[in-house]
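Have a look at the structure below before the remarks.
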Amino acid sequence: MKIVLTGGGTGGHFYPLIAVAEAMRVQSNQDHLDILDLYYYSDVPYDEDSLRAERIKFISIPSGKLGLSYSIFQKLKSVLTVIRGISVAVWKLYVLYPDAVLSKGGYASVPTSIAAWILGIPLYIHESDAAAGRSTIFLSRFAKNVFVSYKSATDSFPFEKVIHTGQPIRGALLHPESEGANELLDLDPSVPVLWVVGGSQGAQKINNLILGMMPDLLQHFQIIHQTGTGNYDQVIKESNSILHNFSLKSRYHPLAYMDELMIRRIAGVADLAITRAGSALFEFAAWNIPTVVVPFAVSNADHSKKNAYSYASHGACTVVEESNLTPEIVRTELIRIISDSGVIASMKQGAESFATRLAAKEIAYRVMQSGYEHTPILESPELPLSVLIERQLATSEQTRDENSKQSGSTKE
């Protein structure tokens with residue numbers, strides 16, 4: 001069986017595909033499938049280590065991004081790149097001819113998704129946001145099914161195609177690991193841990209907020225601060241200046257990047273988090289960590305705010321919009337939550353009601369059904385030799401009886 005995954009541009013488009021790929025490997029083992037070849041079609045590999053770990057082959061497909069703020073020249077150039085990408089994708093898909101294509105949306109998925117439709121290859125799409133993206137809405141007309149993370153996104157797609165699965169999460173991240181986290185980061189188990197996730201995009205405002213509140217926050221929390229790789233040096237410089245000779249300086253732990261093991265360990269000890277309103281919300285939900293969510297002030301179709309308020313409707317978080325992102329408001333919310341065990345329990349319960357831990361498994365199963373139409377599953381692939389012999393003997397005996405009857409009829 002051959003499956004093509006396509007998407008990219010951000011981690012929110014890439015890592016859910018990795019989660020589904022993991023689930024496909026598990027499903028293929030359960031079904032005793034001899035061969036499962038996975039391919040990633042995009043303009044760049046994004047994370048080569050993850051592709052290598054899941055034995056996914058990268059295939060380069062040109063693609064152009066049609067930004068709303070682009071000039072006419074930039075849009076024309078992007079359109080021409082997309083057309084070239086479709087031509088390349090048609091040829092490379094034709095040569096490979098996979099059983100199905102799973103698109104995660106985003107500009108990088110458009111050429112491969114259209115090429116799949118042209119060639120009649122079953123196309124599946126996943127939409128991560130509460131407000132569906134333009135590319136996903138456009139591609140949905142060619143898709144066999146559209147999987148959505150938020151129930152509110154179902155209205156954007158044909159009723160007969162849409163399936164609410166939730167957001168695929170990598171298997172390891174579903175299991176926080178508290179053991180070793182305190183020692184790794186030199187944490188004090190008696191002091192609450194605040195996890196600040198600025199991320200790679202839009203981190204500057206959250207970073208500036210935390211730096212401005214640092215001495216006050218460290219009176220109440222230990223802070224694990226993911227700054228984003230591009231901001232790390234500047235944050236270190238400013239935090240060293242702010243915390244110079246401060247007695248609780250050791251409670252601050254800035255990180256440029258978190259690998260999978262680090263994420264699992266922090267998730268195992270974090271009491272509270274501040275994050276943006278992206279795909280990470282589903283991870284915090286799976287970990288049952290109360291959160292303060294800061295959506296982007298401006299986003300495509302206002303999806304960031306819609307994600308945040310959809311999560312808040314479950315009681316899992318407090319939303320602080322950028323227009324209200326002041327030290328006083330954020331401090332009040334953080335102290336209110338951490339000081340009230342009832343609030344914490346309620347937010348954890350809300351997170352649990354929002355969590356979708358089986359999303360990757362469900363998507364993998366449905367996409368692979370297209371492959372099983374060409375590669376049937378053996379119902380009993382490991383029957384004992386004695387059973388196979390008995391079946392063969394019974395078949396032979398039945399054949400002899402039928403031949404004997406036919407011979408008798410002929411003589412008569």
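The values are calculated or read from the model by the stated rules, or taken from the named source; none is laboratory data. Keep in mind it's a predicted model, so treat the numbers as computed, not measured. Note: ideal-geometry Cβ built from the backbone for every residue, glycine included; neighbour counts use all protein chains shown. Surface accessibility is based on the protein's heavy atoms, side chains included, excluding ligands, DNA and RNA. Shrake-Rupley method; radii C 1.70, N 1.55, O 1.52, S 1.80 Å.
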field: Given (1) surrounded by fewer than 18 Cβ atoms within 10 Å (Cβ to Cβ); (2) among the aromatic types (Phe, Trp, Tyr); (3) at pLDDT 95 or above, index of the condition Trp195 fails
entry: (1)
Near pairs, Cβ below 7 angstrom, 6+ apart or cross-chain, from segment 207-218 (touching a residue at least 12 places away in the same chain (Cβ under 8 Å) and of a type in the set (A, V, I, L, M)) to any residue that is assigned to a helix (DSSP H, G or I) and open to solvent by 10 Å² or more (accessible area, probe 1.4 Å): Leu209/Pro327; Leu211/Glu238; Leu211/Ile242; Met213/Pro327; Met213/Arg331; Met214/Ile242; Leu218/Arg251
task: Determine, yes or no, whether Tyr124 is over 24 Å from the mean Cα position of the chain (by Cα) and either at pLDDT 95 or above or not charged (D, E, K, R) (or both).
output: no
- request: Scan (1) without any contact (Cβ under 8 Å) to a residue 60 or more places away in the chain; (2) surrounded by 16 or more Cβ atoms within 10 Å (Cβ to Cβ); (3) not aliphatic (A, V, I, L, M) for the single condition Asp31 breaks and write down its number.
  value: (1)
query: With respect to Gly408, is the statement that it is out of contact with any Pro (no Cβ under 7 Å at 6 or more places or on another chain), open to solvent by less than 40 Å² (accessible area, probe 1.4 Å) and at pLDDT below 55 true?
result: yes
field: Matching entry among Leu217, Leu243 (being touching a strand residue (DSSP E or B) at 6+ places or on another chain (Cβ under 9 Å), modelled with pLDDT of 90 or more and within 23 Å of Ile338 (Cα to Cα))
entry: Leu217
query: Looking at segment 13-23, which of the residues that are open to solvent by less than 30 Å² (accessible area, probe 1.4 Å) and touching an Asp or Glu at 6+ places or on another chain (Cβ under 9 Å) is modelled with the lowest pLDDT?
result: Phe14
- request: Determine if segment 324-332 includes at least one residue that is more than 20 Å from the chain's Cα centre (by Cα), in a helix (DSSP H, G or I) and crowded, with 17+ Cβ neighbours inside 10 Å.
  value: yes
- request: Might you check whether a residue that is closer than 14 Å to Thr112 by Cβ, in a strand (DSSP E or B) and not polar (S, T, N, Q) occurs anywhere in segment 4-20?
  value: yes
query: Which fully enclosed strands (runs of 3 or more DSSP E) of segment 96-177 have 1 or more residues being in contact with a His (Cβ under 8 Å, 6 or more places away or on another chain) and surrounded by 22 or more Cβ atoms within 10 Å (Cβ to Cβ)?
result: 100-103, 145-148
- request: Answer with yes or no whether Glu352 is at pLDDT 95 or above, under 24 Å from Ala203 (Cα atoms), acidic (Asp, Glu) and part of a helix (DSSP H, G or I).
  value: no
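Here's the yes/no breakdown for (1) within 19 Å of the chain's Cα centre (by Cα); (2) under 23 Å from Leu184 (Cα atoms); (3) not in a loop (DSSP other than H, G, I, E, B):
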| position | (1), (2), (3) |
| --- | --- |
| Leu261 | yes, yes, yes |
| Gly278 | yes, no, no |
| Leu281 | yes, no, yes |
| Ala297 | no, no, no |
| His303 | yes, no, yes |
| Lys306 | yes, no, yes |
message: If I ask for residues that are of a type in the set (S, T, N, Q) and modelled with pLDDT of 95 or more, which ones from segment 155-189 would you list?
response: Thr165, Gln167
- request: Go through (1) crowded, with 19+ Cβ neighbours inside 10 Å; (2) assigned to a helix (DSSP H, G or I) one by one and return the number of the condition Val79 breaks.
  value: (1)
message: Whether any residue in segment 54-74 is touching a residue at least 12 places away in the same chain (Cβ under 8 Å), open to solvent by less than 20 Å² (accessible area, probe 1.4 Å) and closer than 19 Å to Pro16 by Cα is what I want to check.
response: yes
- prompt: Residues of segment 287-301 being open to solvent by less than 10 Å² (accessible area, probe 1.4 Å), over 17 Å from His225 (Cβ atoms) and touching a residue at least 40 places away in the same chain (Cβ under 8 Å), which ones?
  reply: Pro290
field: Failed item in (1) of a type outside the set (Gly, Ala, Ser); (2) open to solvent by 50 Å² or more (accessible area, probe 1.4 Å); (3) in contact with a helix residue (DSSP H, G or I) (Cβ under 7 Å, 6 or more places away or on another chain), with Tyr257 passing the rest
entry: (3)
